[in-house]
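Trainee: Sharing a structure here in structure tokens format.
Computed from the coordinates by the stated procedures, all read-outs in this text should not be read as laboratory data. Being a predicted model, the structure only gives us computed values, none of them experimental. Note that we place each Cβ from the backbone using ideal geometry, even for glycine, and neighbour counts take in every protein chain shown.
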């Protein structure tokens, strides 16, 4: 019997087996942000164990509320900053270099095939896009990870999702993952990892793959895994070029993690995307999905483009194609938060920031803020947002607010119309320019 | 070991998520105590009044997929700071369940039929639960059951060895620190 990628990673990282189903794994990286880490740091201090297992393997960022909005968030940042300095954590990203963790850390080359990674953040599943086992954990798991470099997991089963067909124009990775979550339900993949496979996934960029993996947790999955291939190696090459003779040898090394042909899967799901339309969520659960056409006309007060789901350069290009030469509705507050400084900088170079600004968007610094109603775009009770983020829970972007999740293209079209609507097809009136 | 006995609150909904258990705006707190007044603040559920209905409660019984969403351990902490160390459900979101055990708290999974029976017999009554951790049982009791008379029901639950060890050790930090 062959093994899945996850089984291979578990086997090579296991240091203890507390019972039949539980494995304690060594960690290749522990990621930290300022919301869930300070309490772990303070607890370690109070236990007299203010140590880190390996400062090279700890990566930290202030991203949720940055710049600080009040005394409390300033204090969280201060705890992180002083801790990073005290323990010589070199990969610490503060104002000027900081960005949304799940966009920033891959961009820095910190995620590699075969790695085990934890973070005190449920969207850590994003990094599975590189063929890593990456899982969100709570503060106690994070604390032990920081101190000992280990974490316990119940051995997950693997669910294989094969995405086939031809992706219609104007339909994106976000629509594909919304479709999948709609099929699975919000706990359809609980205690499982999802393997996204098939020609559609193979053809996706790393950015699009991260959009898929990012939302695996919205179906309850521990991680959303994609097999490493040429695309993975190309993306990582600037960071690994000294470790390998050439890209082929890198790929050969990474391919050993790939699930065997005869690996056992708990479930398999096939999705043909050939007739998929752009989708939106319409309630307080991410599995509550409708087509944009069905939700057409729903009036929105705010449009938010950004986050670890859709704040990368391709997402901004996708939205800019719709916004170029157009103005957003007077009734809409448009907010763009490029996910990282490098995304921001690239968007400036490509003229994308100007397109957003000319259309009436405000451009904020990279931060998670608005996605979870912490800063930079909180909704008032009764307000409605169109958002490229990943969660639409009641109160998520502000108490009493409603969030409709969608792709950047749909969000941009919605901003222009003032209500939920499809982006115009290429060649249609109002559609532009193949510049991006 | 923490206390797993006392009054029971029934929350009749699936997919109660961590944003409902403790909204993100309170994640700027760096002490667990500060979370206490905000437990289940955003839960909109008929007949449930946040603050008032969790007073004096020690155990929550609910439906499926409790604790979905964010990884925030603030969710179990908000429960703990209100004296609630035990949640009984059909199943839990993975991270929430692990967070419970990591803090020495109990997340007990029972089959949907048993949960339904508990709701039928005890929801809306003055119900108490008594846990025998070593035997793996909880005894639910009410003086004023649906028929007006006292009702008692004992249910068994299974835990993995690792989960039992975490409860005995008082949590994962203690467990891991003594072994790795």
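Trainee: Looking at segment A:63-81 only, could you name the residues that are out of contact with any strand residue (DSSP E or B) (no Cβ under 7 Å at 6 or more places or on another chain) and either within 8 Å of chain B (Cβ to nearest Cβ) or in contact (Cβ under 8 Å) with a residue 24 or more places away in the chain (or both)? So that I can check it myself, show each step before the final result.
Mentor: Narrowing segment A:63-81 to residues out of contact with any strand residue (DSSP E or B) (no Cβ under 7 Å at 6 or more places or on another chain): A:65-79, A:81.
If the condition is that a residue be out of contact with any strand residue (DSSP E or B) (no Cβ under 7 Å at 6 or more places or on another chain) and either within 8 Å of chain B (Cβ to nearest Cβ) or in contact (Cβ under 8 Å) with a residue 24 or more places away in the chain (or both), then A:65, A:66, A:67, A:69, A:70, A:72, A:73, A:75, A:76, A:77, A:79 are the ones that fit.
Trainee: Can you pull out the helices (runs of 4 or more DSSP H) entirely within segment A:301-413 that have at least 3 residues that are over 19 Å from the mean Cα position of the chain (by Cα)?
Mentor: A:313-323, A:341-349, A:352-359
Trainee: Within segment B:67-89, work out how many residues are within 10 Å of another protein chain (Cβ to nearest Cβ) and on the phi < 0 side of the Ramachandran plot.
Mentor: 9
Trainee: May I pose another question? Give the residue, chosen from A:84, A:103, A:134, that is more than 24 Å from residue B:24 (Cα to Cα) and touching a residue at least 24 places away in the same chain (Cβ under 8 Å).
Mentor: Matching residue, one of A:84, A:103, A:134: A:84.
Trainee: Still on this structure: Just to be sure before I move on: is residue A:53 within 11 Å of chain B (Cβ to nearest Cβ) and either under 30 Å from residue A:131 (Cα atoms) or in a loop (DSSP other than H, G, I, E, B) (or both) in the structure I sent?
Mentor: Spelling it out, residue A:53 is indeed within 11 Å of chain B (Cβ to nearest Cβ) and either under 30 Å from residue A:131 (Cα atoms) or in a loop (DSSP other than H, G, I, E, B) (or both).
Trainee: Please state which of the following conditions residue A:182 fails to meet, knowing it meets all the rest: (1) within 25 Å of residue A:120 (Cβ to Cβ); (2) in contact (Cβ under 8 Å) with a residue 40 or more places away in the chain; (3) buried (at least 17 other Cβ atoms within 10 Å of the Cβ).
Mentor: All conditions pass for residue A:182, except number (1).
Trainee: Is it the case that residue A:60 is more than 11 Å from every other protein chain (Cβ to nearest Cβ), crowded, with 21+ Cβ neighbours inside 10 Å, in a helix (DSSP H, G or I) and in contact with a strand residue (DSSP E or B) (Cβ under 8 Å, 6 or more places away or on another chain)?
Mentor: So residue A:60 fails the test.
Trainee: Okay, next question. State all residues of segment A:377-401 that are away from chain B (no Cβ under 13 Å) and surrounded by fewer than 23 Cβ atoms within 10 Å (Cβ to Cβ); if no residue qualifies, say none.
Mentor: Within segment A:377-401, A:380, A:382, A:383, A:384 meet the criteria.
Trainee: Could you list, in sequence order, the residues of segment A:21-38 that are touching a strand residue (DSSP E or B) at 6+ places or on another chain (Cβ under 6 Å), within 14 Å of chain B (Cβ to nearest Cβ) and not in a loop (DSSP other than H, G, I, E, B)?
Mentor: Within segment A:21-38, A:22, A:23, A:24, A:25, A:26, A:30, A:31, A:32, A:33 qualify.
Trainee: Let me ask you something else. Under the condition of being within 8 Å of chain A (Cβ to nearest Cβ) and within 18 Å of the chain's Cα centre (by Cα), which residue from segment B:25-43 is surrounded by the most Cβ atoms within 10 Å (Cβ to Cβ)?
Mentor: B:42
Trainee: Out of the residues in segment B:156-173 that are surrounded by fewer than 18 Cβ atoms within 10 Å (Cβ to Cβ), in a loop (DSSP other than H, G, I, E, B) and on the phi < 0 side of the Ramachandran plot, state the one that is farthest from the other protein chains (Cβ to nearest Cβ).
Mentor: Taking the candidates together, the pick is B:157.
Trainee: Here are some residues: A:143, A:157, A:162. Which one is within 17 Å of residue A:216 (Cα to Cα), within 14 Å of another protein chain (Cβ to nearest Cβ) and either touching a strand residue (DSSP E or B) at 6+ places or on another chain (Cβ under 9 Å) or surrounded by 24 or more Cβ atoms within 10 Å (Cβ to Cβ) (or both)?
Mentor: The unique qualifying residue is A:157.
Trainee: Quick check on residue A:18: is it in contact with a strand residue (DSSP E or B) (Cβ under 7 Å, 6 or more places away or on another chain), touching a residue at least 40 places away in the same chain (Cβ under 8 Å) and within 12 Å of chain B (Cβ to nearest Cβ)? Please lay out each step first, then the result.
Mentor: Details: in contact with a strand residue (DSSP E or B) (Cβ under 7 Å, 6 or more places away or on another chain): yes; touching a residue at least 40 places away in the same chain (Cβ under 8 Å): yes; within 12 Å of chain B (Cβ to nearest Cβ): yes.
Yes: the conditions hold for residue A:18.
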